[in-house]
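Heads up, the thing below is written out as structure tokens.
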Amino acid sequence: MSPQAPVLHHLFFADDSLLFGAATIRECTVIKGILNIYERASGQKVNFAKSSVVFSNNVQPALKSTLASILGVKCVSEHDRYLGLPLRVGRSKMKRFQYLKDKVSKKLVNWKSKILSCAGKEILIKAVAQVMPTYAMNCYLLPKSLCDDIHQLCASFFWGATDEKKKIHWRSWEKLCLTKHEGGMGFKIFMPIIFQCLLNRDGDCLLNLLL
């Protein structure tokens with residue numbers, strides 16, 4: 001996958017597979033041969049029409065076309081999301097996870113056209129809007145700016161603000177995220193968490209959460 005990463009040949013999922021290899025004619029020919037042997041031995045056919053190959057930026061365009069034709073698949077710039085999560089993040093995390101903000105914004109815009117009470121808005125924010133990013137947060141550390149944007153969307157929806165008319169936020173979002181016993185509404189506050197492994201005297205790993 002990269003010069004510094006461990007050697008990784010394949011990843012198997014429920015009904016999908018990711019194969020890794022060098023961008024050479026010999027390697028692609030070997031992979032194609034292995035797939036042909038698998039088809040004859042198992043009786044299962046690989047759907048090459050739904051398969052694709054991704055090359056690094058160091059591979060020349062002419063070589064990309066040659067290797068893609070050997071494999072019998074289409075060449076794409078990068079794989080899209082798998083199981084709802086991006087396969088490759090890169091440096092621009094804000095751009096990669098922009099779809100989360102768009103999904104939350106789309107939901108909130110649809111709800112704004114309906115007459116909802118404060119209790120109804122509270123339930124929709126907690127049960128839908130704030131649940132959507134948590135799936136991605138199980139695997140990735142989301143940018144703080146993205147979390148702040150989602151907080152702003154939820155706060156504007158709760159106070160009834162629209163694109164045409166702004167409303168006063170009578171309490172800060174941090175105070176609304178306090179428990180109801182503490183005077184808040186119990187909303188979630190998305191905060192990037194960094195997991196750090198600390199070793200005790202016996203060499204065991206102790207989990208330390210840095211907020």
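Quick rundown of the values:
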item: Apportionment of accessible area to carbon and sulfur, the stretch 18-145, percent (1.4 Å); result: 57
item: With at most 12 neighbouring Cβ atoms within 10 Å, loop GluC sites (Glu not before Pro) (DSSP) excluded, longest segment of the chain; result: 79-163
item: Angle between the chain longest axis and helix 98-112 axis [Cα atoms, degrees, rounded to 10]; result: 40
item: Electrostatic dipole magnitude of the stretch 64-184 [Cβ: Lys, Arg +1; Asp, Glu -1; Cα centre; debye, to 20]; result: 140
item: D148 paired with L178, simple spin-label distance in nm, labels 7 Å along Cα-to-beta-carbon; result: 2.3
item: Dipole magnitude of the stretch 17-66 about its Cα centre (Cβ charges: Lys, Arg +1; Asp, Glu -1), debye to nearest 20; result: 100
item: Listed residues I37, I189 arranged by accessible area, highest first, probe 1.4 Å; result: I37, I189
item: Value of relative contact order over the chain, rounded to a whole percent, pairs C-alpha under 8 Å and six or more apart; result: 11
item: Pairwise label distance in nanometres, S17 with S51, each label 7 Å out on the Cα-Cβ vector; result: 0.8
item: Length released on extending from L87 to K166, taking residue separation times 0.36 nm less the Cα-Cα span; result: 24.7 nm
item: Probe 1.4 Å, protein heavy atoms only - accessible area per residue of the stretch 16-159 in square angstrom; result: 63
item: Net charge dipole size for the chain [Lys, Arg +1 and Asp, Glu -1 on Cβ; Debye, nearest 20]; result: 700
item: Residue among A127, S51, G72 farthest towards the positive dipole end of the chain, charges placed on Cβ; result: A127
item: Option label - Rg and Dmax of the Cα atoms in Å computed here, alternatives [x] 23.8, 68; [y] 45.0, 170; [z] 19.2, 59; result: [x]
item: Segment K74-A62, length gained on full extension (0.36 nm per residue, minus Cα span); result: 2.9 nm
item: Cα-projected label distance for S42 with E27, points at 7 Å along beta-carbon direction, nm; result: 2.2
item: Rounded tilt (10° steps) of 25-42 against the dominant C-alpha axis of the chain; result: 90
item: Cleavage-rule hits, trypsin sites (Lys or Arg not before Pro), the stretch 2-50, DSSP coil, Cβ neighbours within 10 Å at most 14; result: K45
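The values are calculated or read from the model by the stated rules, or taken from the named source; none is laboratory data. Computed from a predicted model, the values in this text were never measured in an experiment. A quick note on method: Cβ atoms are made from the backbone with ideal geometry, for glycine too, and the neighbour counts reach across all protein chains shown. These area figures cover heavy atoms from the full protein model, side chains too; ligands, DNA and RNA do not enter into them. Shrake-Rupley method; radii C 1.70, N 1.55, O 1.52, S 1.80 Å.
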